[in-house]
Ligand SMILES: C[S@@+](CC[C@H](N)C(=O)[O-])C[C@H]1O[C@@H](n2cnc3c(N)ncnc32)[C@H](O)[C@@H]1O
């Protein structure tokens, strides 16, 4: 199973994250352990890697993969609990914190995981299967304005109102259960060349809403800055503009030395610079990497260092 997710920007992530071979590191999105395994190769016997994932299949597989390595501590926790994991492991600060956001290829391809477009796949989209509402629940209960707002805000879908209205109309006849129920509507309202793109946007929007992904990311980033040692690195791999915007905003804010209004004669804000940006516009995969792994095409890696 570990071969079914190809890690993105693997060498680049590792080069940026690992600065101290005997240090303490956090991989927020363990998945099938692709990045964790690469980090471990560069680390000494004294190093520690704490890693988390909410997905059961990925967690179980990785538990087995790293069971013989005493440097690895795994948690089936949301990464917003980074501070709790650090406490449990008696770690005061990290030399590197890494997150490879979103879902793995396994989650996207395996119909049982509920993220797939495959026709008979359940409309679920919960990263953590203990969350209360699935995608099908939302499609069957929210009103058309709420649905349209979700599609527009989190999927940047221009046709959001029409799609939402059609969903509400259709569910009076048959409830939404599997991906084909949604695909049918999107196909009716979208030119054939855009069906896949529209489905991707709607799935992205529902996934972000269901898992509260943007707020979760913000919380995680803010806690991470508090938990970095001086010189420690925060490296975040994102896959769409909404995630990337938050990563950029938080890093830029933490890199500011002053937030006084322009023209103030002396600085009174007391703002402390906590990060230094290392990657400018961010690092993107090479054409070769994208050719070998199409899912890498939208990835962007941003890295900052604690000052
Ligand atoms: C792109 S995959 C990571 C793949 C991993 N780097 C590898 O090489 O195998 C993202 C993983 O993050 C997990 N994930 C997403 N959001 C999470 C969160 N808030 N807390 C914990 N895990 C999360 C997903 O379940 C998924 O397994």
message = Residues of region 84-109 with the amide nitrogen closer than 13 Å to a label point 7 Å from the Cα of residue 4, along Cα-to-Cβ, please.
response = 104-109
Computed label-point distance, nm, for sites residue 277 and residue 87 using a 7 Å Cα→Cβ extension = 3.4 nm
note = Taking Cα atoms only, helix 213-227 is inclined relative to the longest principal axis of the chain by an angle, in degrees rounded to 10, of 10 degrees
message = Can you give me the C-alpha center-to-center distance between region 1-72 and region 236-259, rounded to a whole angstrom?
response = 24 Å
key: Cβ-Cβ FRET estimate between residue 145 and residue 241, R0 fixed at 30 Å, reported to 0.05   = 0.80
ask   = Relative to the present Cα-Cα distance, how much length would full extension add between residue 20 and residue 255 at 0.36 nm per residue of separation?
value = 82.4 nm
request  = Can you pull a Stokes-Einstein diffusion coefficient for region 43-150 at 4 °C (1.567 mPa s), Rh from Kirkwood over Cα pairs, as a whole number of µm²/s?
outcome  = 79 µm²/s
note = Log10 I(q)/I(0) at q = 0.17, 0.23, 0.25 Å⁻¹ for region 111-211, from Debye over equal alpha-carbon scatterers, is -0.67, -1.33, -1.60
message = Between residue 173 and residue 69, what is 0.36 nm times their sequence separation minus the Cα-Cα distance? Round to one decimal in nm.
response = 32.0 nm
request  = Would you mind getting me the FRET efficiency between residue 129 and residue 268? Use the beta-carbon distance for r and R0 = 51 Å, nearest 0.05.
outcome  = 0.55
message = Can you say what percent of the DSSP beta bridges in the chain, counting only those with both residues inside, are antiparallel? Round to 5.
response = 40 percent
message = If you average 1/r across every pair of different Cα atoms in region 1-66 and take the reciprocal, what Kirkwood value do you get, in Å?
response = 12.1 Å
query = Full extension from residue 197 to residue 161: what is 0.36 nm times the residue separation minus their Cα-Cα distance, to one decimal in nm?
reply = 11.3 nm
inquiry  = What FRET efficiency comes out for residue 212 versus residue 307 if R0 is 41 angstrom and r is the Cβ-Cβ distance? Round to the nearest 0.05.
reply    = 0.85
ask   = What number, rounded to the nearest 500 deg cm²/dmol, is the helix-based mean residue ellipticity at 222 nm of the chain, given -39500 (n - 2.57) per DSSP H run of at least four residues and division by all its residues?
value = -13000 deg cm²/dmol
message = As I understand it, the value is the acute angle between the Cα axis of helix 144-155 and the longest principal axis of the Cα atoms of the chain; what does it come to in degrees, rounded to 10?
response = 40 degrees
task = Can you pull a Stokes-Einstein diffusion coefficient for the chain at 20 °C (1.002 mPa s), Rh from Kirkwood over Cα pairs, as a whole number of µm²/s?
result = 104 µm²/s
query = Convex hull over the alpha-carbon atoms of region 180-233: what's its volume per residue in Å³?
reply = 100 Å³
query = Hey, what angle do you get for helix 241-255 against the long axis of the chain, alpha-carbon based, 0 to 90 degrees rounded to 10?
reply = 20 degrees
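Read-outs throughout are calculated quantities, based only on the coordinates presented, and are distinct from any laboratory measurement. Everything numeric in this text was worked out from a predicted model, so none of it was measured. Note that each Cβ is placed from the backbone with ideal geometry, even for glycine, and that neighbours are counted across all protein chains shown.
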